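Each remark here refers to the structure printed beneath this line.
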């Protein structure tokens, strides 16, 4: 048979439909069988978007409307034909028919992969591959990460719940350790014969270290898997927390805190990635909201826990308790946590020398990859900035409570100051029950409006009003009532509670967007890592500057600045929800053109 570009040859009803691919394109997909004969039956009775490395069907081989009428055929031919192909070097060969996340149903609309399939007399249209759910071309030479339906069915619902519970528990450990000492800062400063600003600076370094570590865990887990990284991180977190409890001087205290912080981010980054491994896109927001609720509730509950401990025991007992919690997480990962990643990227290291492997590893984990990603795509930059602004506001609120509210309400003991953290902490917990559901509800609403076409930016619409209006209003009420000493205790506590609820209506959308927006291009971990880097850098900045800023301008004006910052990034988030798909298309077109130009230059060098 002559190979013509994706030409569908003449066929007999009920027989397989042979699809040929031109020999020059075979080398671009390692391990791909040069000719695949398959058939479409009741299982694939849909208009299915398909392509191989950007190849498109030519209309000369199709009917007038660019499609073929497919009738019920032999269902077993798919399996037998695939088995006759050589074993692929990646998942692309075997799963390409299901690799796109877009289905085209008979009336011309598009739908998500899991929507009800149309009748058997549907048509199949061959078009170019897309990197996202919007209709745009995959950059030349970039084979997407395969997302097969079986990937989401590898674990039972009960097993998925167990995984989410373990991840939710472990994800709270790093953030809770970042603020557990806030109610005990004066006592720690006296122990090491320094002032409170120095101890607060150690907390800023802790948060900055969490942000830097976020660059490493995602790429490393693609090589070694999720489970080994999570086990190693939990054990090291336990050991460094024990070392912090035993720190003999301020220098050792700083070093062990920073080392512990590097481990704490692994639970957050890999928790997000694991949810993406086992849950379908339209069902992720709720489990992801629970997993990452620890990143928000932990900082609020940490001072409560620390205040209780510091009231009745020396501050070192706080770290002994944290060490016990970390040790329990290590046991859970070793006994109950499965490997969830469907395929690893360690094939690039086989058959190479140690220097080559080292160079390959550095290219894989290089922070420059994430930096280029963030500054190339405006939508990723603005969503990461929004997440950073929310965390800035959170730590700027939580860090100075003992220094702001204790004098205002004449409180003295650590436990009294710690109880104030129950306001925002209760709001974060309450918002967890509703934030994820709200994000899924809004995403489904806009999917229905588009007749089944799903766009990742739809999730962002669920949190725009909270960032633009609700959270800034709560910040202003809290700041000025405390500054002017009006409203007593109830007003700031209620304002902090409502702010916590509103915050948890934002993070599920931002978290899920990071997973969805570049999943099919295989860069979800990089987007999530960029998000957490931005979060914890802003958290470190907020922790470091809040006390000097409050002394210089007062809590009222500082709260006003924080509110204006949130309004500004909220405007950017609104623009992302409206124009994000266009931005992505423009960037991808630019990258594709650049790749084609490099390809031509490379070809000319070999002529």
Inset, instruction - Tell me which residues, restricted to the range 193-218, are at pLDDT 85 or above and within 11 Å of residue 533 (Cα to Cα). - result: 207, 208, 209, 210, 211, 212, 213
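Collect the residues in the range 156-192 that are outside any helix (DSSP H, G or I) and either touching a strand residue (DSSP E or B) at 6+ places or on another chain (Cβ under 6 Å) or touching a residue at least 24 places away in the same chain (Cβ under 8 Å) (or both), keeping them in residue-number order. Can you show your working first?
The first filter runs over the range 156-192 and keeps only residues outside any helix (DSSP H, G or I), leaving 156, 172, 180-181, 192.
Those that are outside any helix (DSSP H, G or I) and either touching a strand residue (DSSP E or B) at 6+ places or on another chain (Cβ under 6 Å) or touching a residue at least 24 places away in the same chain (Cβ under 8 Å) (or both): 172, 180, 181, 192.
Does the range 371-383 contain at least one residue that is under 15 Å from residue 506 (Cα atoms) and at pLDDT 85 or above?
The initial filter retains those residues of the range 371-383 that are under 15 Å from residue 506 (Cα atoms), namely 382-383.
In the following step, the residues that additionally are at pLDDT 85 or above were identified as 382-383.
Yes: the range 371-383 contains one or more residues that are under 15 Å from residue 506 (Cα atoms) and at pLDDT 85 or above.
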Legend entry - Residue pairs meeting the criteria (Cβ under 6 Å; at least 6 apart or on separate chains; first part of a loop (DSSP other than H, G, I, E, B), in the range 475-495; second crowded, with 17+ Cβ neighbours inside 10 Å): 487/481
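Can we say residue 592 is outside the structural domain of residue 211 (by TED's automatic domain parsing), crowded, with 17+ Cβ neighbours inside 10 Å and out of contact with any strand residue (DSSP E or B) (no Cβ under 7 Å at 6 or more places or on another chain)?
Details: outside the structural domain of residue 211 (by TED's automatic domain parsing): yes; crowded, with 17+ Cβ neighbours inside 10 Å: yes; out of contact with any strand residue (DSSP E or B) (no Cβ under 7 Å at 6 or more places or on another chain): yes.
It is true that residue 592 is outside the structural domain of residue 211 (by TED's automatic domain parsing), crowded, with 17+ Cβ neighbours inside 10 Å and out of contact with any strand residue (DSSP E or B) (no Cβ under 7 Å at 6 or more places or on another chain).
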Inset, instruction - Output yes when any residue across the range 524-545 is surrounded by fewer than 20 Cβ atoms within 10 Å (Cβ to Cβ) and more than 23 Å from the chain's Cα centre (by Cα), and no when none is. - result: yes
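Among the candidates 454, 444, single out the residue that is modelled with pLDDT under 90 and assigned to a loop (DSSP other than H, G, I, E, B). It would help to see each step written out before you state the result.
Details: 444 fails: assigned to a loop (DSSP other than H, G, I, E, B).
Just one listed residue meets the conditions, 454.
What do you reckon, is residue 555 part of a helix (DSSP H, G or I), surrounded by 17 or more Cβ atoms within 10 Å (Cβ to Cβ) and within 25 Å of the chain's Cα centre (by Cα)? I'd like the intermediate steps shown before the answer.
Working: part of a helix (DSSP H, G or I): yes; surrounded by 17 or more Cβ atoms within 10 Å (Cβ to Cβ): yes; within 25 Å of the chain's Cα centre (by Cα): no.
No; evaluated as a whole, the condition is false for this residue.
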Legend entry - Residue pairs meeting the criteria (Cβ under 6 Å; at least 6 apart or on separate chains; first in the same structural domain as residue 173 (by TED's automatic domain parsing) and crowded, with 17+ Cβ neighbours inside 10 Å, in the range 305-331; second modelled with pLDDT of 85 or more and assigned to a loop (DSSP other than H, G, I, E, B)): 305/180; 306/180; 306/181; 318/180
Legend entry - Scope the range 204-232; condition touching a residue at least 60 places away in the same chain (Cβ under 8 Å) and out of contact with any helix residue (DSSP H, G or I) (no Cβ under 8 Å at 6 or more places or on another chain); matching residues: 225
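The values are calculated or read from the model by the stated rules, or taken from the named source; none is laboratory data. These figures come from a predicted structure and were not determined experimentally. All Cβ positions, even for glycine, are placed from backbone atoms using ideal geometry, and neighbour counts span all protein chains on display.
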